[in-house]
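A short worksheet on the structure shown next.
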């Protein structure tokens with residue numbers, strides 16, 4: 001049973017093997033070679049067997065993940081990663097009210113008559129269009145891009161309306177923290193020696209938003225797309241965060257809510273990555289996986 005699992009697990013974990021090889025240490029190379037040999041032998045054994053027990057395989061997979069995390073703790077002195085990178089909107093904080101509701105409420109006095117459903121539909125369509133004015137959407141304060149989005153979403157091009165909407169989303173009224181235990185968790189991570197950074201596709205309003213939410217001091221660094229001229233999933237933004245923290249990419253894990261931008265982007269940079277809402281559901285769970293009990 002364990003042999004059959006190994007073959008399956010190896011197929012699912014090419015990223016793990018790549019990570020181990022990148023470490024360049026003899027133990028890492030030995031682990032990869034041993035897994036490969038076991039997988040070849042396991043494939044032969046599996047072919048000779050007609051029955052597979054899914055429950056046993058699931059248990060074995062859980063055991064293998066634990067074994068891998070134990071291996072990382074042996075490398076890093078009791079923790080699995082030296083740095084935690086965190087996405088901002090959708091992971092660290094979320095809108096306090098639906099975007100379409102705000103666009104409609106503020107827009108009523110400017111003649112906006114679309115329903116919230118129609119605004120949302122038009123917003124998504126505009127947001128998915130290629131932004132032809134530059135290779136980045138968020139350049140500095142991102143005003144040209146957001147003016148285009150607000151106008152397309154509501155049919156209103158009144159600049160005063162746009163400014164009111166734009167400024168609203170830089171205040172604490174617009175956002176709230178996802179996890180009420182976040183401050184306690186990040187403090188515990190820092191005390192354990194884990195470095196912290198925000199990695200976000202955002203304009204320059206991110207720093208004022210973090211200050212307004214009283215969480216800017218939780219982090220050692222911020223890698224904001226508007227400031228580093230790279231947007232997720234471009235690996236450059238993750239590499240910049242690691243540079244700011246003075247850690248190697250393989251020493252860091254990124255947590256975010258978007259599989260393409262956060263998980264694939266971070267892994268392309270050589271970081272580990274966990275999907276918020278799937279792999280982890282709270283920052284306490286993140287800390288526990290890293291090896292810090294809160």
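We did not get these values from a lab; they are worked out from the coordinates using the rules stated. Everything numeric here is computed off the predicted structure, so don't read it as measured data. FYI the Cβ positions are ideal-geometry reconstructions off the backbone, even for glycines, and counts take in every protein chain you see.
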Item to check | Kirkwood hydrodynamic radius over Cα pairs of segment 205-294, then Stokes diffusion coefficient at 4 °C and 1.567 mPa s, in µm²/s | outcome: 94
Checklist entry - Taking segment 98-174 on its own, what percent of its Cα-Cα pair distances exceed 22 Å? => result 18
Checklist outcome for this item: Least to most buried among 112, 194, by other C-beta atoms within 10 Å and fewest first, runs 112, 194
